[in-house]
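Each remark here refers to the structure printed beneath this line.
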Amino acid sequence: MGEGIGEGGPLVRGTMGIVIILALLLASLPIIMTYSTLVMTSFANTIVSSPWVKFRFTLENWRLFLEGKLAPTAGIVYTPEDILRFILNTGIVAGGVTLVVLAASVTSAYAFSRMNFFMRSGMMKLLILLHAFPGVALIVGVYAIYVFLNNYIPRDYSIYYSFIFVIIARASLEIPMAIWILKGFFDRVPWELEWATIVDGGSRLTALRTAVLPLVKPGIAAVAIFAFLAGWEDLIYVLVFLPPQEKTLATYIESQLGSGSLETTYLPVVAAAGTLYLIPTIIFFVVTQRLLLETMSGGLKG
Amino acid sequence: MVEVRLEGVTKRFGRVTAVNSVNLVFGDGEFTALLGPSGSGKSTILYLVAGIYKPSEGRIYFGDRDVTDLMPNERNIGLVFQNYALYPHMTVYDNIAFPLKLRRTPPEVIRDKVLEVAKFLHISELLDRYPAQLSGGQQQRVALARALVKEPEVLLLDEPLSNLDALLRIKIRSELKRIQKELGVTAIYVTHDQSEALAMADKVVVINRGVIQQEAPPDTIYNEPRNVFVASFIGSPPSNIFPATMDYTEEPCINLPGGTRHCVEEEYAGVLWRMKPSKVIVGFRPEHAEIVENPVDGRPVIVGEVYTVEPLGRENIVTVASEDIHLKVITPPEVRPEAGELVYVAVERGKLMLFDPQTEINLKYIAREWSQGG
Amino acid sequence: MARRGRQALFFLLPMLILVVAFYILPLVLTAWISFTPLTNWRVRDQLVDFVGLENYVNLYYLARYDPDFHKVLQTTLVFVVLTLFINVVGGLVLAILTYLIDERISLGYRLLWLLPRMTPLAVFGLLWYYFFYGGPQGTLNSFFLKMGIIDEPMRWGTDPAMLPYSAWAIIVFVNGLVGVSYGMIIFYSAFKNIPRELIIAARVDGAKTWEVIRHILVPIVRWHIVFVTVWQLLSLITSYTHLFVLVQWSVVDKWYGTTLALYVFNTAFFDVKNQGFAAAAAVILVIIGSILGLLTLRIMRFSQMISPPRGDI
Ligand SMILES: Nc1ncnc2c1ncn2[C@@H]1O[C@H](COP(=O)(O)OP(=O)(O)OP(=O)(O)O)[C@@H](O)[C@H]1O
Ligand SMILES: [Mg+2]
């Protein structure tokens, strides 16, 4: 508390500082409220409408959710859904997207940072443009390709085809940003390190492997996390490309609410799904907070 | 082991010409110092020899082998970077061992060699540390060890001792020289510390703005600088340099500041007679002059007023103002004139340097070229 | 030179393949489809049927005469303008406030505001589904009921009595919560680059907090404000995923919650499955997007961010 402003303490202190902190708290109230009521609802017998409402604690929602027992309409016969499968699917898509993004972005980012080639800066500009491109214009064309190629896929393999396609298509959306972020990390590795390896008898690839890559590990981690979260959170691509029975957590939640026929009493079960779905995001968030903040601001610094 | 030759080498970065048509020979097993101010192109020359830069024009030879288009890893060189370029994620040991690992040297051999070179450079206790845990001087020695351990044919050193304290520097520099001779490796040593260059090198190359100014043994560089730049760059404090008019009534004489005249020695007379420049640039070293009360013996003498006196203990540096020129003279400690005092500065016989005012080249060299040219 | 070219190609190849297959080719296809009568994804037979400019002409007629499409266009305009304002101004305010306070508290707030951006779309939708839920259990309803402002629960986003404003308010609010963090992060990191002495000196000279903000902080991020504005404008015009969820789950009215981008998506994949027509609308978006994208490149000082490689290896 006793630090002066010259020693890294807050720039505004005293009453003014407290006013600002309270104002921020007030502004953040919708975020705090909605997230906490979601989590609380997942443990309650009814929708918890605000964090200070009393409710009865129960694990019933989690049981119903994990057993897949969520009646579309009460009284209608239904088969329980395989929630573990949905979780696994979500993981497969997220993991797949991570792998594809890394495979396509690490070497390219290195090239953009370190090599001279035809249209180098033109290509980099194109990538930035692509990042900002109307995704909806892309998805129409991408789906046309999907449908077109599907004709040549044997029926037995079509489910693999769908998964692979959705993974690669979704990963492609992340690639421009991933390259841009990674390029920033490569740019910070001194050239002399790479030269030292080559002078000492290594090839350029050896230099990349032994001298450069170990130093851009944080960048690779950041990109991997972003890619994983992108795959994990995706709703649109999974909804469009995967057959209806192959759900992820996103499309599962979507199907419950989108049908419009879900009874109010079952809403807390969906909250359990949402809470579970949120967990990896929160974990990454807490564990890597500074890296995430830094990377996000580094992406497009001026 | 091998001689390194640059033939007509030019290196341009966009509009900047960092190295301009350089012809240089670094003799086999010789220790050559590359001396020049900051930004003069020293590192660039080193990188050209290493193969990190490719010349825009000209060729580079190692002995008979044209290496211009070879990659650095095909040249068997050791290079100490100006900023050390140690691998931050490896220990000191691994850093030094790295070049040997790349050559697939057996681990026992690696171990022995690393320990040996570490001992030589006084870094044996540091082997388990990471570069970030070392001081600048320690890092520099690790970088030196990494270059030496592979026993290269050509050793390139980019200011490798600049961060050491004076004591350690002198110690390592003599040992470095010894090991260089022992290995017989051709060494190119970049520095902007002239005393280091003069003390260590078999040959000194002075470079400025990418152009070679002089290439000669240390004492020649010191005693017979080829041009004004070398004269003023070498020496501490630097040479006194000033323009003067000429008078050719009987023999070539210089009108020195303060109104005295000095008629030149034999070796300059011929050249001056032939060129008859109306002006020359005059230079002499502060250590080649003294302050006298009575100018009699025919030495060149400049009359002036004492401006400042800087006592340095072992000697004094006296600045004398004559007309609008400030001259520095090194005097013994007991000679400590008062500021404002009128004094005579006498330059040792034969130590006055004369340069052509246009090309700034030492007239002595012009005379020599003429006599050689016939 | 040839060797180095091959080397670069080798490094770039995976990216090039994906970019061609999932950006270039789809874009060309979308443009192509906009000249075909493609419906229900019958790519085999309809992809080579040309109808000329029919889809574009239809788009024109729709824009002139169709009341639903009018709503979409209105919504697009309102949504983009208001959300953009919130994103830029809100981002700036957040960045300034978090910059001024204690670092640890600031970190907490910045992470909190980043949370909506990182939250899975379905979960984020779910939060607002509960918040605006039409029954008495909905957060907003329960609050207003308790306060006695309303007597019975309202269907906030769909009640015709409050349309279009309530639906617009909801989509702007929900998207603003996501979008505001971008500006916050960019501005905040720009502030962090200001030498602290500058602000301390101003403080010593007696500048009030407000004056520090006005005369130091805001001028320093002037360029960043332009950049964030253009970049966010682009992303608001083209984004549709959050709106998709809100509309699909009936949190907001169908037409007053649909922007042009979402309209394209729904037309192609859900409602009428008329891809030819959707593609024509998409092409319009692409044109707007390209112009804004090029504008962004112009102002982003691109040449400073990509320096030529050193060495000739
Ligand atoms: N990659 C490059 N691009 C453009 N200009 C360069 C590059 N490398 C060097 N230069 C320029 O070439 C000139 C010579 O640079 P060099 O690094 O060889 O100088 P130096 O003699 O080693 O200086 P110092 O003693 O400061 O290390 C300088 O003017 C420098 O600005
Ligand atoms: Mg240098």
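The table below gives the values:
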item: Cα-based helix-to-principal-axis angle, B:107-120 vs chain B, degrees rounded to 10; result: 30
item: Over the range C:73-260: Kirkwood hydrodynamic radius from C-alpha pairwise inverse distances, Å; result: 18.2
item: Summed buried accessible area for A+C [probe radius 1.4 Å, Å², rounded to 100]; result: 10600
item: Global geometry of the range C:166-313, whether rounded, prolate or oblate, following the gyration tensor of its Cα atoms and the 1.5 cut on a/c; result: oblate
item: Kyte-Doolittle mean at least -0.5, axial Cα span of 30 Å or more - DSSP H helices of chain C; result: C:165-192, C:275-299
item: The range A:146-221, relative contact order in percent, only Cα pairs under 8 angstrom and at least six apart counted; result: 26
item: Of the chymotrypsin sites (Phe, Trp or Tyr not before Pro) in the range C:1-107, those whose Cβ has at most 14 other Cβ within 10 Å and which sit in DSSP loop; result: C:PHE50
item: Solvent-accessible area per residue, Å², over the protein assembly as shown with all protein chains present [probe radius 1.4 Å]; result: 42
item: Qualifying aspartates and glutamates (Cα of each under 17 Å from Cα of C:LYS192; at least 8 residues distant if same chain); result: A:GLU7, A:GLU294, C:ASP102, C:GLU103
item: Label-point separation in nm, A:ASP82 to C:ASP68, each point 7 Å along Cα→Cβ; result: 3.8
item: Crossing angle, helix B:136-148 versus chain B [Cα axis fit, 0-90 degrees, rounded to tens]; result: 70
item: Probe 1.4 Å - accessible area at A:LYS69, Å² to nearest ten; result: 80
item: Carbon/sulfur fraction of accessible area - the range A:10-58, other protein chains in place, 1.4 Å, %; result: 77
item: Chain lengthening between B:CYS263 and B:GLU341 when straightened (0.36 nm per residue, less Cα-Cα); result: 25.4 nm
item: Check: the protein assembly as shown dipole with +1 on Lys, Arg Cβ and -1 on Asp, Glu Cβ, in debye; result: 2540
item: Spin-label model distance (nm) - A:VAL147 vs A:TRP191, 7 Å beyond Cα toward Cβ; result: 5.2
item: Using alpha carbons only: equivalent-ellipsoid semi-axes of the protein assembly as shown, gyration tensor based, whole Å; result: 74, 33, 28
item: Set of lysines with alpha-carbon distance to B:LYS150 below 20 Å, sequence-local pairs under 8 removed; result: B:LYS101, B:LYS113, B:LYS119, B:LYS177, B:LYS181
item: Per DSSP, loop trypsin sites (Lys or Arg not before Pro) in the range B:64-122 with at most 16 further Cβ within 10 Å; result: B:ARG103, B:ARG104
item: Lys, Arg +1 and Asp, Glu -1 on Cβ, resulting dipole of the range C:73-260 about Cα centre, debye, nearest 20; result: 380
item: Relative contact order computed over chain A (Cα-Cα under 8 Å; 6+ residues apart), in percent; result: 28
item: Estimated FRET transfer efficiency (A:LEU25, C:PHE270; beta-carbon r; R0 45 Å; 0.05); result: 0.65
item: Exercise: per-residue mean of other protein chain Cβ atoms within 10 Å, A:15-25; result: 4
item: DSSP-defined beta bridges in the protein assembly as shown - what % are antiparallel, rounded to 5; result: 75
item: For chain A: span of alpha carbons on each principal axis (Å, largest first); result: 75, 71, 33
item: Additional length obtainable on full extension of the chain from B:GLU182 to B:ALA199, 0.36 nm per residue less Cα span; result: 4.3 nm
item: For chain B, share of DSSP beta bridges that run antiparallel, in % to the nearest 5; result: 75
item: B:HIS122-A:SER121 FRET efficiency (beta carbon distance; Förster radius 60 Å; 0.05 resolution); result: 0.80
item: Sparse-neighbourhood loop sites, trypsin sites (Lys or Arg not before Pro) in the range C:196-277 - DSSP loop, at most 12 other Cβ within 10 angstrom; result: C:LYS208
item: Chain C: relative contact order in percent, alpha carbon pairs under 8 Å with at least 6 residues between; result: 27
item: Unit charges at the beta carbon, dipole of chain C: most positive-side option, C:ASN193, C:ILE171, C:TRP231; result: C:ASN193
item: Residue (of B:GLY235, A:SER259, C:PHE265) at the positive-pole extreme of the protein assembly as shown, dipole from beta-carbon charges; result: A:SER259
item: Pairwise label distance in nanometres, C:ILE284 with A:ARG290, each label 7 Å out on the Cα-Cβ vector; result: 5.0
item: Exposure ranking of C:HIS224, C:HIS215, B:HIS89 by accessible area [1.4 Å probe, largest first]; result: C:HIS215, B:HIS89, C:HIS224
item: Student exercise, chain A dipole from Lys, Arg, Asp, Glu Cβ charges, in Debye to nearest 20; result: 340
item: Apportionment of accessible area to carbon and sulfur, the range B:1-80, percent (1.4 Å); result: 43
item: Contour excess over end-to-end distance, with Cα ends at C:LYS146 and C:LEU107 and 0.36 nm allotted per residue; result: 10.6 nm
item: Global geometry of the range B:95-172, whether rounded, prolate or oblate, following the gyration tensor of its Cα atoms and the 1.5 cut on a/c; result: prolate
item: Calculated FRET value between B:LEU168 and B:LEU115, using beta carbons and R₀ = 30 Å, to 0.05; result: 0.90
item: Dipole-positive endmost among A:TRP191, A:ALA171, B:LEU34 within the protein assembly as shown (Cβ charges, Cα centre); result: A:ALA171
item: Longest site-free stretch - chain A; sites: chymotrypsin sites (Phe, Trp or Tyr not before Pro), DSSP loop, at most 10 other Cβ within 10 Å; result: A:153-302
item: DSSP H segments from chain A that extend 18 Å or more along their own axis, Cα-based, with Kyte-Doolittle mean of -1.0 or above; result: A:14-42, A:83-114, A:135-150, A:158-187, A:217-233, A:267-287
item: Proximal aspartates and glutamates to C:LYS208, defined as alpha-carbon separation beneath 17 angstrom and excluding residues fewer than eight positions away on the same chain; result: C:GLU197
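The values are calculated or read from the model by the stated rules, or taken from the named source; none is laboratory data. Just so it is clear, the structure is predicted and the values come from calculations on it, not from any experiment. A quick note on method: Cβ atoms are made from the backbone with ideal geometry, for glycine too, and the neighbour counts reach across all protein chains shown. Areas reflect the complete protein model, heavy atoms only, side chains present, ligands, DNA and RNA absent. Shrake-Rupley method; radii C 1.70, N 1.55, O 1.52, S 1.80 Å.
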